[in-house]
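What follows is calculated from the coordinates using simple rules that are stated; it is not laboratory data. Keep in mind that this is a model prediction, so the values were computed, not measured. Cβ placement follows ideal geometry from the backbone for every residue including glycine, while neighbour counts extend to all protein chains displayed.
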There are 2 protein chains.
Amino acid sequence: MRAEIIAIGSELVSGQGLDTNSPWLSQQLGALGIPVAFHTTLGDDLEDHRSAFRAAIDRADLVIMTGGLGPTQDDLTREALAEVAGVPLVEDLASLEAIAAMFARRHRVMTERNRVQALFPRGAEPLPNPIGTAPGIWMRLGRATIACLPGVPSEMKRMFQEQVLPRLRELGAAGRVIVHRKINLFGKGESEIEAQAMDLTVRGRVPEVGITAHDATISFRITAEAATADEARRLIEPTAELIYERFGSLVVGEDSDDVAEALVAQLTRTGSTLATAESCTGGLIAQLITAIAGVSSAYLGGAVTYSNASKTALLGVPAELIAACGAVSPEVAAAMAEGARTRLGASLGISTTGVAGPTGGTPEKPVGLVYLGLSTADGTQTRRLDMGPERPRDFIQLLASKAALNWARLALLGER
Amino acid sequence: MRAEIIAIGSELVSGQGLDTNSPWLSQQLGALGIPVAFHTTLGDDLEDHRSAFRAAIDRADLVIMTGGLGPTQDDLTREALAEVAGVPLVEDLASLEAIAAMFARRHRVMTERNRVQALFPRGAEPLPNPIGTAPGIWMRLGRATIACLPGVPSEMKRMFQEQVLPRLRELGAAGRVIVHRKINLFGKGESEIEAQAMDLTVRGRVPEVGITAHDATISFRITAEAATADEARRLIEPTAELIYERFGSLVVGEDSDDVAEALVAQLTRTGSTLATAESCTGGLIAQLITAIAGVSSAYLGGAVTYSNASKTALLGVPAELIAACGAVSPEVAAAMAEGARTRLGASLGISTTGVAGPTGGTPEKPVGLVYLGLSTADGTQTRRLDMGPERPRDFIQLLASKAALNWARLALLGER
């Protein structure tokens, strides 16, 4: 069995609203072992409804729709379903009474127009809506099973859980379970990592492995289907172990955990403390760390030294050094990292100084050039990053921040 | 002419990722007067690609696709397009050279696999990608025009604007024009602002006015349709003026401009400089400012003082004051703001100290309590914010950061 999800609403297809119902439904169906093959979004045109419904029942066994069940003339789901099914719309008395009772409870006047919400394609089953006026619809259409739910997320979610889920279980549709596991890597590019994982990402492999890139972090996504969640997790385990073995210290975490979380875990494990000194990243390193709750024992603080004078005032970088080498130099990166570490009494100091762009680059020091510094009691080192001048400012700041965090993480792992 | 937008990615159709590309593209096309009738999302199944592409060219004149252009085996857009078009894939030498040059500039090894990104259905036109390795595709398919763009939003947006937009204009596709104007307010809640704007947001008004809230900033969105962009802008102007008059200093900017941009503009206008001292906001204030390019004459730098000792070491806050009043206190907020201002020689110093949660709250100093400090040559003041313990950590950090930035902005406006 595979599914299609249809979201109906002019505000969605025009880009004025974001459809969060379809991703939520995909997750719910995925957890039940029902893969979702398509999402379709459409506006309030009747012919578009008909064509989308026909396409869906042709390529999916289960179609879940949200929206288009309201009382206004824009709400065409009922009408289009009846047309595609070739049956008339008939009034359901129980639904009509439930709608009238909902209006009475809210001390509101029920308009004549609201009666249309009690109309259903003949043969369809009404799905009661406990918290709104629009009942849902459950029916067969061609070889597919159809569930229509209101577009309001709170109503949709509750009706999915109370009305649709039990019916899917009855159908025996919710047999097998799909489990995902996401392993995040940092430090190499997507194609380089994939070149070392062609045997894993090959199509048809069990469990399935995909690669995605997000904010310079590369993720392996392992997916397995089984009768139970435990069994699916057992299927995933050997592949996850293989990824950990093969990519070693590139692995920074799982699920939403990224480089900052991995560094905080290393700091906590080793009882170390961190101080930061940021120029071109402008506070982003500090912000990535302090976005994590409970880091105050591991992160002492840092300086954002955007001007040359602030590098001297807050971190003790000699003004003569800046004058001699320039603010964007390995010497200044080293002095910043060391200044942060010693002034705050931390085990590690990390620093960034570079050209985030889009202006301010020179042939010698182009946009995308960043020096990182790492200072420990054993000494201070620097590194040069060249990200290329065509990268946007926010990407340069993010990649430099993650590279600095990751260097500190590897230092604590005993690997530089 | 009407359009369909296709988003390709297993993570999207499985609900693990949110598709923000399609709404953005819908807005862009809407502004050109090209209505979008459908969004379709699909995973990495070749047959699903074929069926979705066939359906799209049957019901739309323009099809814009995002994703599936990467170098991995999951990336099937090129292959499926060639199959539906009934033509072979051929290598484009210029694209291959551009990809190789991109790898060289980034000092990365180009793998054999990346060559597939230079393959195009015969007869298609490559769309150069200035900031990534995946070129886009422009071609005719049946009676429809097709544009394929990478899924990475920054690459997609830039290529839409530089490559697709001029081609659509050439096609004469852009008819009546829809213009939006967004005016951003900070400092009051959405319902309070809406209560003062009921006459503007009434349905059917021309131009139409909507209200949205995002990250504690409230936005009015004015929309008008006309034969030309100039005419639509003229329709919008009186309503925009009304909003400026009625909401005065709550207005922080237009489009993407928020409180940080407004403060930087005030700093520049008045020739003032800013220093920051952050505890609970952990670098977020600095990051919001330095995300803006070219701020180095207005923003000198600051300290992220997460530990008590760092408040003393970097900002000169007396240790006895922290011991007597606690780190979360108006006294320490004042000393932090003053320390940042005087140590960095800035015109203004702003500070935050509070409890961002979710843990660390006490009955006296609950989660959501933040003290702000503002120091100028005229003296130092503090303010107390109570955001409530049920707010998530990231919201507390963001609202406190924006409130501090906005306080500095109003101080420069001559309004406290």
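Say R0 is 22 Å: what FRET efficiency, to the nearest 0.05, do B:E194 and B:S249 get from their beta-carbon distance?
Values: r = 19 Å, r/R0 = 0.84.
My answer for the efficiency is 0.75.
Which whole-percent values make up P(r) of the range B:259-412 when all C-alpha to C-alpha distances are grouped in 10 Å steps starting at zero?
Per 10 Å bin, starting at 0, the Cα pair percentages come out as 13, 46, 33, 8, 0.
Relative contact order of the range B:258-393: what whole-number percent is it, with Cα pairs under 8 angstrom and at least 6 residues apart? Write out the running numbers ahead of the final one.
Working: 283 pairs, mean separation 30.8, N = 136.
RCO, the range B:258-393: 23 percent.
Averaging over all projection directions, find the projected area of the Cα convex hull of the range B:3-170 and quote it in nm² with one decimal place.
Values: hull surface 36.9 nm².
That works out to 9.2 nm².
Collect residues whose amide H, placed 1.01 Å from N in the peptide plane, falls under 5 Å from the amide H of B:C280; neighbours closer than 5 in sequence don't count.
Here B:T353, B:G354 satisfy the definition.
Where the label is 7 Å out from Cα toward Cβ, how close does B:D230 come to the same position in every other copy, in nm, shortest first?
Reported distances to equivalent positions: 7.4 nm.
Could you put B:D61, A:D44, B:D255 in order, starting from the residue whose Cβ has the fewest other Cβ atoms within 10 Å?
Numbers: B:D61 16, A:D44 19, B:D255 12.
Placing the least packed residue first, the sequence is B:D255, B:D61, A:D44.
How many nm separate the modelled label positions at A:E320 and A:L413, each set 7 Å beyond the Cα in the direction of the Cβ?
4.1
Take the residue pairs A:K311/A:K365; A:K157/B:K157; A:K157/A:K182; B:K188/B:K402; B:K311/B:K365; A:K157/B:K188 and return only those whose Cα atoms are more than 21 Å apart.
Working: A:K311/A:K365 19 Å; A:K157/B:K157 33 Å; A:K157/A:K182 25 Å; B:K188/B:K402 12 Å; B:K311/B:K365 19 Å; A:K157/B:K188 31 Å.
Going by Cα-Cα distance, A:K157/B:K157; A:K157/A:K182; A:K157/B:K188 fall outside the 21 Å limit.
Starting from 0.36 nm per residue, how many nanometres of slack lie between A:E237 and A:R176 once their C-alpha separation is accounted for?
Numbers: separation 61, 0.36 × 61 = 21.96 nm, distance 1.81 nm.
Gain in length upon complete extension: 20.1 nm.
What net charge do the residues around A:H39 carry, taking every other residue with its C-beta under 9 Å from that of A:H39, with Lys and Arg at +1 and Asp and Glu at -1? Before the final figure, lay out the partial values.
On the way: positive: none; negative: A:E4, A:D19, B:D19.
Charge balance in the 9 Å sphere: -3.
Averaged across A:386-392, how many Cβ atoms of other chains sit within 10 Å of each residue's Cβ atom? Write down the numbers at each step before the final one.
Working: counts 3, 3, 7, 2, 8, 5, 6.
Rounded to a whole number, the mean comes out at 5.
Using a Förster distance of 51 angstrom, determine the FRET efficiency expected from the C-beta separation of A:A94 and B:D394, and round it to 0.05. Provide the component values of the computation, followed by the final result.
On the way: r = 45 Å, r/R0 = 0.89.
About 0.65, to the nearest 0.05.
Test of understanding: express the Cα radius of gyration of the range B:169-284 as a ratio to 2.2 N^0.38 Å, with N the residue count. Can you show the working numbers first?
On the way: Rg = 17.3 Å, N = 116, 2.2 N^0.38 = 13.4 Å.
Cα Rg divided by the expected 2.2 N^0.38 Å: 1.29.
Could you give, in nm with one decimal, how far A:T359 is from each other copy of that position, shortest first, with labels 7 Å out from Cα toward Cβ?
4.8
Please tell me the relative contact order of chain B in percent, rounded to the nearest whole number, where contacts are Cα pairs under 8 Å and at least six residues apart.
10
Net charge near B:I289, counting Lys/Arg +1 and Asp/Glu -1 over other residues with Cβ under 14 Å of its Cβ?
Working: positive: A:R393, B:K402, B:R409; negative: A:E278, A:D394, B:D257, B:D258, B:E261, B:E278.
Here the charged neighbours net out to -3.
Could you give the Stokes-Einstein D for the protein assembly as shown in µm² per second, using the C-alpha Kirkwood radius, 4 °C, 1.567 mPa s? Before the final figure, lay out each step's value.
Numbers: Rh = 29.1 Å.
The estimated diffusion coefficient comes to 44 µm²/s.
Calculate the spin-label point distance for B:E162 paired with B:R205, positioning each point 7 Å from the Cα along the beta-carbon direction, and give it in nanometres.
Between B:R205 and B:E162, the simple spin-label model gives 4.0 nm.
Please give the calculated 222 nm ellipticity per residue for chain B, where each DSSP H segment of at least 4 residues contributes -39500 (n - 2.57) and the sum is spread over every residue; nearest 500 deg cm²/dmol? All intermediate terms of the calculation are to be shown ahead of the outcome.
On the way: 16 runs with 162 residues, N = 416.
Dividing the helical sum by the residues of chain B leaves -11500 deg cm²/dmol.
Normalise the Cα radius of gyration of the range A:1-67 by 2.2 N^0.38 Å (N = residues in it) and let me know the number. Provide the component values of the computation, followed by the final result.
Working: Rg = 11.7 Å, N = 67, 2.2 N^0.38 = 10.9 Å.
Here the Cα radius of gyration is 1.08 times the empirical estimate.
Can you tell me the FRET efficiency between A:A31 and A:R113 if r is taken as the Cβ-Cβ distance and R0 is 41 Å, rounded to the nearest 0.05? Can you show the working numbers first?
Details: r = 38 Å, r/R0 = 0.92.
According to the calculation, E is roughly 0.60.
Identify the residues of the range A:1-22 with backbone N under 19 Å of a label point that sits 7 angstrom from the Cα of A:L46 along the Cα-to-Cβ direction, or state none.
Within reach of a label on A:L46: A:8-10.
Taking a label point 7 Å from Cα toward Cβ, how far is A:T270 from its twins in the other copies, in nm, shortest first?
Its label point is 4.5 nm from the equivalent points in the other copies.
Treat each spin label as a single point 7 Å out from the Cα along the C-beta direction, and report the B:A101 to B:D378 distance in nm.
The answer from the label model is 5.6 nm.
Before anything else, pin down the relative contact order of the range B:3-170: Cα pairs under 8 Å, at least 6 apart, normalised by residue count, whole percent.
Working: 290 pairs, mean separation 37.7, N = 168.
With pairs under 8 Å counted, the relative contact order is 22 percent.
Over all Cα pairs of chain B, how is the pair count split among 20 Å bins, expressed in % and running from 0 up to the last occupied bin?
22, 41, 33, 4
Neighbouring Cβ atoms within 10 Å as the yardstick, rank A:D74, A:D230 fewest first. Before the final figure, lay out the partial values.
On the way: A:D74 14, A:D230 11.
Ranked by crowding around the Cβ, least crowded first: A:D230, A:D74.
If you rank B:C148, A:C280 by fewest surrounding Cβ atoms within 10 Å, what's the result? Intermediate results must be reported in sequence, preceding the final value.
Working: B:C148 28, A:C280 24.
Exposure proxy ranking, most exposed first: A:C280, B:C148.
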